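Structure, as C-alpha cells:
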Amino acid sequence: MAERPDLTDTELDGLFQAARDTAPMPSADLIARVIADAEAELEPGVEPAAPRPGILAAVLATIGGWPAAAGLATAAVAGLMIGIATPDTLQDLSGGYFAAAGYQLEDLLPSYGDLLGEG
Amino acid sequence: MPFDALNDVSDEALLVAYGNGDAEAARALTLRLTPKVLGFAARMLGGDRAEAEDVAQEAMLRLWRQAPSWRQGEAKVTTWLYRVVANLCTDRLRKASGVALDAVPEPEDDRPSAAEGLQQAARAAALDRALADLPERQRQAVVLRHIEGLSNPEIAAVMDIGVEAVESLTARGKRALAKALAGRREELGYDDG
C-alpha cells in the first residue's frame, strides 16, 4: 500500500467537528437518574452521618427505652380506670372482702367517710 | 424560581443554591452539565455509551455531594467536573485492561454504528478509534481542547499541569492522530485521488 500523507490540520478539524456534531446526548433515563440523585442528596435521611436524636428519643433514653414507655403507659391507663371506677367499685371490692371478716372500710380508714362526705 | 429564569444564572450560583436546598437549581444544572460530562466520558472511554453514562451519573453525584461545602471562586464547576470525569475514566480503563493505560486495545473496525453511511458518523467513529490508541494524557488534552472546546489554561487546571505541558500534549496528540488516520483517507472522504 502506498504511503499516504498525514492529515492536515484542516482535515483534522473536520474530524473534530464531526465528533462535536455526533456527541452523545444524555437519554431521558440518565437525566432522570441524575435528578433523582440530586433530590435524594437533599433528603436529610440519606446523610451518612449518624442522625441527631430527637426529643422523644432523649426522653425514651432517660426512662429506659420503649419497654419502659409501654409500662408507663399501662400504669397510666390503669390509674385512669381506677380513678373513673372508684369509689363504688373499690367500696364493693374492699367492702365485700372486709365485710366477710366483720369490718367496714370506715373501720379501717376512719377518715374515708369524711372524705366522701366532703366530695 | 421559574425554570427558564435560571438560564442566565452561573453554574456556581446554581450549585450554591442547590447546596442550600434548591432542587430546581439541581434540575437546571443537570440539563446544562450532563451533556458535557457524558460527551467527555464517551470520548475518553472509546465511545462506550453504557460506561460513559455510569461515569456521568457518578460524576454528577459527586458534584451534588460537594455542593454544601463548595468554596466559591476557587474553581469553575465545569473544570472540577471534567477532572472528576477524567479520574473516573482512568480508573475504569485501568480496571478494564489490567495493563498499562497506553495499551488500550483497538476497537474492531466493523463494530456496528447506528448512523452507518453518514460521513459525519464515519469520521467521528474513525476519530474515536484513533483517540483510543493515544496515550491517555494526550487523548485527554486533545478531547478537551478540540472537541469540548476548553482553553489551554482551563485544561491545565483540569489536568493539574502547566499550560506549556498542555500545548505539548495537544500538539503531539494531533500529530499522532494525523499519522494514524492517514491510511483512512478514503473512508473519511479526504481522498483527493
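The values are calculated or read from the model by the stated rules, or taken from the named source; none is laboratory data. All of these numbers come straight from a predicted model, not from anything done at the bench. Heads up, the Cβs are rebuilt from the backbone with ideal geometry, glycines too, and the neighbour counts pull from every protein chain shown. Quick note on the areas: whole protein, heavy atoms, side chains included, nothing else; ligands and nucleic acids left out. Shrake-Rupley method; radii C 1.70, N 1.55, O 1.52, S 1.80 Å.
For the range A:1-30, enumerate the residues that are open to solvent by 20 Å² or more (accessible area, probe 1.4 Å), over 56 Å from the mean Cα position of the chain (by Cα) and farther than 18 Å from B:Leu118 by Cα.
A:Met1, A:Ala2, A:Glu3, A:Arg4, A:Pro5, A:Asp6, A:Thr8, A:Asp9, A:Thr10, listed by residue number.
How many residues does the range B:70-102 hold that are open to solvent by less than 70 Å² (accessible area, probe 1.4 Å) and at pLDDT 90 or above?
13
Kindly indicate whether B:Asp191 is acidic (Asp, Glu), open to solvent by 10 Å² or more (accessible area, probe 1.4 Å) and within 29 Å of B:Val77 (Cβ to Cβ). Reasoning before the result, please.
Values: acidic (Asp, Glu): yes; open to solvent by 10 Å² or more (accessible area, probe 1.4 Å): yes; within 29 Å of B:Val77 (Cβ to Cβ): no.
No; evaluated as a whole, the condition is false for this residue.
How many residues are assigned to a helix (DSSP H, G or I) and either touching a Cys at 6+ places or on another chain (Cβ under 7 Å) or on the phi > 0 side of the Ramachandran plot (or both) if we restrict to the range B:140-179?
Final tally of qualifying residues: 0.
Does B:Arg27 qualify as being closer than 28 Å to A:Asp21 by Cβ, open to solvent by 20 Å² or more (accessible area, probe 1.4 Å) and more than 10 Å from chain A (Cβ to nearest Cβ)?
no
Based on this model, can you work out whether B:Ala141 counts as surrounded by 20 or more Cβ atoms within 10 Å (Cβ to Cβ), in contact with a Gly (Cβ under 8 Å, 6 or more places away or on another chain) and either in the same structural domain as B:Ala86 (by TED's automatic domain parsing) or among the hydrophobic types (A, V, I, L, M, F, W, C) (or both)?
yes
How about the range B:144-161: which of its residues are open to solvent by 10 Å² or more (accessible area, probe 1.4 Å) and among the β-branched types (Val, Ile, Thr)?
Answer for the range B:144-161, where residues must be open to solvent by 10 Å² or more (accessible area, probe 1.4 Å) and among the β-branched types (Val, Ile, Thr): B:Ile147, B:Ile161.
Could you please give the count of residues in the range A:32-41 that are at the interface with chain B (Cβ under 7 Å from one of its Cβ atoms) and open to solvent by 30 Å² or more (accessible area, probe 1.4 Å)?
5
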